[in-house]
Amino acid sequence: MNRRLRSQPTLRGSGRSGGGAPSGYQVLAGWLARVARFDFTVFDEVRQERTATASAVLVVIGASLFAGIGSWLWALQQDFPGLDAPDVFVKSVIGGTVVQAGVFFVWVYLTHLVLVRAFGAQVLIQELVRVMGLAFAPVMLSVLVAIAPLAIPFGVLSLSMAFLFAHVAVQQTSGVTTREAAIANLAGFATFLVFMGAFANVAEAGYFGGLAPGILFFSLN
């Protein structure tokens, strides 16, 4: 059987069956709960649910916002010269959320490009936006960088989980091999990190970081 062929998903989380249909937020909450339980069958359902595109974008924005709040709360606890918490709020929470949400689409685009051009996968970029957006949810854990002594471990953990979840989502959605999914996802994720690292050096707050949220806020130059 051709590994590129994918069966139509059963939308268990969409609320289309009998009874009162849940709201969009309830459906999204159900999807996030399944991701938190490592129930990756949710990606099979979300990938062809057109209404999930907006929900996936909302997850990316929300996760980025949580990450920005984490770095801002970290700044509130510090008394380093030149580090102004209101300045960090503007640059990391507001600016960082916008920047990271935008750069996320670069990650998705490059992953799609490699999948289609290098491996001949038959997958729509809209499908990847849906599943990879949902897979971005663990970045919400970046709010825990507010715990200063554990800022780096929590920051690395959140991004690592997002990368691994995105790998599963990419493989399930595109039908490629584990190796091909890893290469495509890594190409996108590496570019995402490079871009975010560059933005962390833009408009720095007290030489600590710039337009990036969470652990990516910190600039070591």
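The values are calculated or read from the model by the stated rules, or taken from the named source; none is laboratory data. Remember, it's a predicted structure, so these values are computed and weren't measured experimentally. Heads up, the Cβs are rebuilt from the backbone with ideal geometry, glycines too, and the neighbour counts pull from every protein chain shown. Side chains are part of the model used for accessible areas, which takes the heavy atoms of the whole protein and leaves out ligands, DNA and RNA. Shrake-Rupley method; radii C 1.70, N 1.55, O 1.52, S 1.80 Å.
Numbers below:
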read-out: Residue under evaluation Ala121, criteria (1) touching a Lys or Arg at 6+ places or on another chain (Cβ under 7 Å); (2) surrounded by 15 or more Cβ atoms within 10 Å (Cβ to Cβ); (3) at pLDDT below 95; (4) not basic (Lys, Arg), criterion not met; value: (3)
read-out: Of the criteria (1) at pLDDT below 95; (2) assigned to a helix (DSSP H, G or I); (3) crowded, with 16+ Cβ neighbours inside 10 Å, which one Ala198 fails; value: (3)
read-out: Any chance Phe38 is closer than 16 Å to Ala166 by Cβ and open to solvent by 50 Å² or more (accessible area, probe 1.4 Å); value: yes
read-out: Pair list, Cβ < 8 Å and 6+ apart or interchain, from segment 48-74 residues that are open to solvent by 60 Å² or more (accessible area, probe 1.4 Å) to residues that are of a type in the set (Ser, Thr, Tyr); value: Thr51/Ser14; Ile61/Thr97; Leu65/Thr97; Phe66/Ser142; Trp72/Ser92
read-out: Residues of segment 175-187 that turn out to be open to solvent by less than 30 Å² (accessible area, probe 1.4 Å) and among the charged types (D, E, K, R), as a count; value: 1
read-out: Residue under evaluation Ala190, criteria (1) closer than 18 Å to Arg47 by Cβ; (2) outside any loop (DSSP other than H, G, I, E, B); (3) open to solvent by 40 Å² or more (accessible area, probe 1.4 Å), criterion not met; value: (1)
